[in-house]
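Here the structure comes first, spelled out in structure tokens, and everything after it is commentary.
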Amino acid sequence: MKRILPLLILLVFCLNLNAQNTQDHISRTLTFETPQNRQFSDVLWDSIRPIYKEIIHCDFIQKLTKGKLERDAFDYYLSQDSLYLIDDYKAFKILSDRVTQKDHKVFFHAIATHAITAEQEMHQSYLGSNSSSNQIVKSETTTEYTNLLLDHANNSPTAVAAAALLPCFWIYYELGNYLIENSSSQNPYQNWIDTYKGASYEKQVRQFITIVNQMAKDSNEDVQKQMIRAFIQASKLELDFFKQGELVLTY
């Protein structure tokens, strides 16, 4: 693994130059000197730093941070996220059935059966049973994202499927910290923002990252390359997911 990591950082740089359609947000200034104690997850996060920066600076997140986001835009986001979670559950269930290591199986099963269900219930509590947003159909962006996750869950090596599912958790954790640190006083969305600061969520994210690191360590270089691609693709779709909320602001 120590020998492969520098090659993987070079791969991330090359992906940025040669795959403009899906990787147009990859950094062109990645560091090529890799400390020996770096984890595979460090390579993953380095590959999406520009994408994450775009997320926190997009209009949707900035208005959410300042408490100035229109309620219709927030409801639309929650409705799309609720539709996303339906297929996210399916992807985690498939992955939990496919992995062979017991602790990995237990973790992914718990995500599918408990964590996602709790988040769906939280969304519905905000939307309300009579909200017109409950009638919204899955958008093209949401469909593209969930299709990616389900395709990897069904057809890719399990390590690649896990890498594709990780951005949603990891980006939300980092984004939650950003929102908590920068949220305006008396933000009407503060209760929702606070759901991402709990110790249990942080523990869950850290465990997910640890599992992905272990899966990468047990994988060959070709699978590791696929993991990086899947992580980048899913992160780009996270950005697009938030940006679609901006479209509501223009109507």
Legend entry - Hits in region 198-239 - residues which are among the β-branched types (Val, Ile, Thr), touching a Ser or Thr at 6+ places or on another chain (Cβ under 9 Å) and closer than 17 Å to residue 106 by Cβ: 209, 210, 212
Inset, instruction - Tell me, please, whether a residue that is closer than 14 Å to residue 108 by Cα and assigned to a helix (DSSP H, G or I) can be found in region 169-177. - result: yes
Legend entry - Number of the condition not met by residue 219 [criteria: (1) among the small types (Gly, Ala, Ser); (2) in a loop (DSSP other than H, G, I, E, B); (3) surrounded by fewer than 17 Cβ atoms within 10 Å (Cβ to Cβ)]: (3)
Legend entry - Residue, nearest to the chain's Cα centre (by Cα), within region 200-232, restricted to residues that are at pLDDT 90 or above and hydroxyl-bearing (Ser, Thr, Tyr): 210
Inset, instruction - For region 222-238, indicate whether the set of residues that are surrounded by fewer than 16 Cβ atoms within 10 Å (Cβ to Cβ), over 29 Å from residue 58 (Cβ atoms) and either of a type outside the set (Lys, Arg) or out of contact with any Phe, Trp or Tyr (no Cβ under 7 Å at 6 or more places or on another chain) (or both) is non-empty. - result: yes
Inset, instruction - Would you be able to tell me the number of residues in region 178-199 that are within 21 Å of the chain's Cα centre (by Cα), under 19 Å from residue 72 (Cβ atoms) and not in a helix (DSSP H, G or I)? - result: 1
Inset, instruction - Scan 158, 100, 113 and give me the residue that is farther than 30 Å from residue 65 by Cα, among the hydroxyl-bearing types (Ser, Thr, Tyr) and modelled with pLDDT under 95. - result: 113
Legend entry - residue 165 vs. criteria modelled with pLDDT under 95, crowded, with 17+ Cβ neighbours inside 10 Å and within 21 Å of residue 243 (Cα to Cα): no
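The values are calculated or read from the model by the stated rules, or taken from the named source; none is laboratory data. Owing to the predicted nature of the structure, the values given are computational and were not obtained by experimental measurement. Glycine also receives a Cβ, built like all others from the backbone with ideal geometry; neighbour counts cover every protein chain displayed.
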